[in-house]
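All remarks here apply to the structure that follows.
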Amino acid sequence: MSKWVTWVCALLFVALISYAPAYANTTLRVIASFSVMEELVKRVAGDTVSVNVIVPRGEDVHRWELTPPNVLALEETHIVFYNGLGLEPWIRHVEAMSDDQLTLVEVAREADYTPLIISTGQHKGALDPHMWMDPEGAAAYIDVIAETLAAHLPDQAEAFYSRAEEARKALNNLSLAVKERLEGIPQTNRTLVTSEAGFGYFARAYAFEAHGVWGVNHETQGSAQAMAKMSEYLANNRPRPPALFFESTTPSIHMDALSREASLPLAGPLYVDSLSGESGPAANYADMLHHNAEVMHTALGGATAE
């Protein structure tokens, strides 16, 4: 059965079971595209807004395919906050089913934050979608979220803006803590080599150089050409990075092969496109950045605290 037929069947199923009019409940219902966006939305929304998520923790937001439960949730949703800039190729299906009652917010495109360009791979030259990897970028997301919620619930605007201000202060403090943890890494060691080129904004914020085998996860991963290019970089570039890294939502097979070929240790996982489970090391946004900083500090030769 084709994907299109599957979609039609899913939508018919929604129509058959949806006896009550859409939005009969007056609670504002919001969906975030993935777990990092979900947390940022919840920080601003508080308890008076229902917040759900499309891509579960631990799954790759780039390669997700909408499920029937996703479709059902979207049928009763007022706002979808998604990252955009190509992060979620599946968002086109949400756009196809949207109507005048559903607001789609492409947060990264609306954020007041200077974008970077994808430096490698099939999408080279496009805007890099991973802005949240810099707390300053996450703070710009917070502003977009607060403005959107305030426009939908003007009577709660003051509360939204107040929580947004608290979130911005927390993100600034987080950034200072991450910077302090990374300061002990020698400048000659401050190179991040990962499978996906998802650390450009992090690298800009904390004075690293970042390289990926491929640009974004929804392109061909670990092609012979991409692997050869990275292998050549590792063989010829001096000084060599002390370690290579793999990410939580990407198979480590490609980085493991490069690690063995270059005789460099492999460290990780780093978290980029998803938070971990609730009991994992990156259960929330702050934990994610602290965990990544700790892994980098250990793998790249950070100074040991006295």
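The values are calculated or read from the model by the stated rules, or taken from the named source; none is laboratory data. Everything quoted here is computed from the prediction, not taken from an experiment. Here Cβ is always computed from backbone atoms with ideal geometry, including for glycine, and neighbour counts include all displayed protein chains. When the accessible area is computed, the model is the full protein with side chains, heavy atoms only, and any ligands, DNA or RNA have been set aside. Shrake-Rupley method; radii C 1.70, N 1.55, O 1.52, S 1.80 Å.
Of note:
- Residues of the range 79-95 that turn out to be buried (at least 18 other Cβ atoms within 10 Å of the Cβ) and not in a helix (DSSP H, G or I), as a count: 11
- Candidate set from the range 213-227 (those that are at pLDDT below 95 and in a helix (DSSP H, G or I)); member that is nearest to HIS291 (Cα to Cα): ALA226
- When ALA210 is tested against (1) open to solvent by 10 Å² or more (accessible area, probe 1.4 Å); (2) out of contact with any strand residue (DSSP E or B) (no Cβ under 6 Å at 6 or more places or on another chain); (3) not in a helix (DSSP H, G or I), exactly one condition is not met: (2).
- Subset of the range 228-245 (residues that are open to solvent by 50 Å² or more (accessible area, probe 1.4 Å), in contact with a helix residue (DSSP H, G or I) (Cβ under 8 Å, 6 or more places away or on another chain) and not in a loop (DSSP other than H, G, I, E, B)): ALA235
- Checked against the criterion of being crowded, with 18+ Cβ neighbours inside 10 Å, among the hydroxyl-bearing types (Ser, Thr, Tyr) and closer than 21 Å to ALA139 by Cα, the range 57-77 has no qualifying residue.
- For the range 259-306, residues that are without any contact (Cβ under 8 Å) to a residue 60 or more places away in the chain, in a helix (DSSP H, G or I) and open to solvent by less than 30 Å² (accessible area, probe 1.4 Å) total 4.
- Filter result (of a type in the set (Phe, Trp, Tyr) and either open to solvent by 10 Å² or more (accessible area, probe 1.4 Å) or under 22 Å from the mean Cα position of the chain (by Cα) (or both)) within the range 141-199: TYR141, TYR161, PHE199
- In summary, ASP134 fulfils each of the numbered conditions (1) closer than 10 Å to VAL44 by Cβ; (2) among the acidic types (Asp, Glu); (3) in contact with a Phe, Trp or Tyr (Cβ under 7 Å, 6 or more places away or on another chain) with the single exception of condition (1).
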